[in-house]
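Structure first, then comments.
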Amino acid sequence: MKKYRLQVQNDILYLFLLLLITEIFFFSVLRASFGVLLFIGILGLLLLETWFIRVFTMYSGKKISQYSEVIARISFKERFFEYFILPALFYISLLCFLFFTRNELLGHIVLGVCMVLFLILFLNVKSSLKKYYSIEVATRAIFDFICITIFYLCLNSFVRLGFSLLEYLVLSTLVATILFYFVLKIHDRVGLVELSVSALSATCISLGMLVIWETNIFIIPTVGALLFYLIISLWNVRFSGRTSLSDYLMPFLYVLISLILIFTI
């Protein structure tokens, strides 16, 4: 029990240091040179990667039985994308958002939400490492939410950079396609048909944002993220093997309610 508490405390310490470094980055955006900001960002990224390296080293080995000293190890190559690349992209997208936003309240809200996601990810990655052959379902769900958040942060950054409508749609389609590929890879569903559906889905998301282009910079990325969530939710229903119509209708209902709230508040 004491060992478990110490492990949790170490995770919280890493998260606190990551929060501190990221907060310093956000505070310094208008006060420091780009070189200083780059150094702070790299420092935060290295801290994040250090946690994953440390945890993978500690928990990737497992005895094949209680009667044997032989240790089976999880393949570093098989988990490299999920445990090292995707969290790094998540953190970099957060830094980009904080760099371009000038709304301190929004910046701190997004920062707080991302830190909560990182904490949940930390806990689930440890749990997933206990599963030798596959990533836990709960951990896959966290990675899905991270992809959604990355898309939202990227859309926000594109809007605040002042891209034209065409540039925004092209970039949004490109990022959505890449993130859909990430989702398929996490679920081990990469194939020609799935990639084609990804490209089509990304195009549909961009067309959806085209309809609301004349609204404000808060609504556009939010709607884009909701459409991205909708597609991932439908995929997850399909991946789980469920065939009930109600299972497919629920994501539409959630998104519809969210859209109503967004356009009425």
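All of the numbers you see were taken from the coordinates with simple rules; none came from a lab. Values in this document were obtained by computation on a predicted structure and should not be read as measured data. Cβ placement follows ideal geometry from the backbone for every residue including glycine, while neighbour counts extend to all protein chains displayed.
Structure data summary
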quantity: Sequence of 139, 264 once ranked by neighbouring C-beta atoms within 10 Å, starting from the fewest; calculated: 264, 139
quantity: Which of 103, 45, 207, positive extreme of dipole for the chain (C-beta unit charges); calculated: 45
quantity: Relative contact order [Cα under 8 Å, 6+ residues apart], the chain, whole percent; calculated: 15
quantity: For peptides 193-205, 30-42, sequence by mean Cβ density within 10 Å, most packed first; calculated: 193-205, 30-42
quantity: Test item: Cα-centred dipole of the stretch 162-265, Lys/Arg +1 and Asp/Glu -1 on Cβ, debye; calculated: 240
quantity: q = 0.10, 0.12, 0.13, 0.21 Å⁻¹, the stretch 162-265: log10 I(q)/I(0) [Debye, one scatterer per Cα]; calculated: -0.30, -0.43, -0.51, -1.14
quantity: Cα principal axis extents for the chain, largest first, Å; calculated: 66, 53, 32
quantity: Part-to-part distance (alpha-carbon centres) for the stretch 202-240 and the stretch 11-41, which is given in Å; calculated: 30
quantity: Rel. contact order, % - alpha carbon contacts under 8 angstrom, at least six apart, the stretch 162-265; calculated: 23
quantity: Top of 126, 185, 77 by mean-square fluctuation, Gaussian network on the chain, Cα under 10 Å; calculated: 77
quantity: Residues 115, 209, sorted so that the one with the fewest Cβ neighbours within 10 Å comes first; calculated: 115, 209
quantity: Listed residue (235, 12, 258) projecting farthest to the positive dipole end of the chain, Cβ model; calculated: 12
quantity: Debye, to nearest 20: dipole size of the chain, +1 on Lys, Arg Cβ, -1 on Asp, Glu Cβ; calculated: 940
quantity: Residue order, fewest to most beta carbons within 10 Å, for 160, 189; calculated: 189, 160
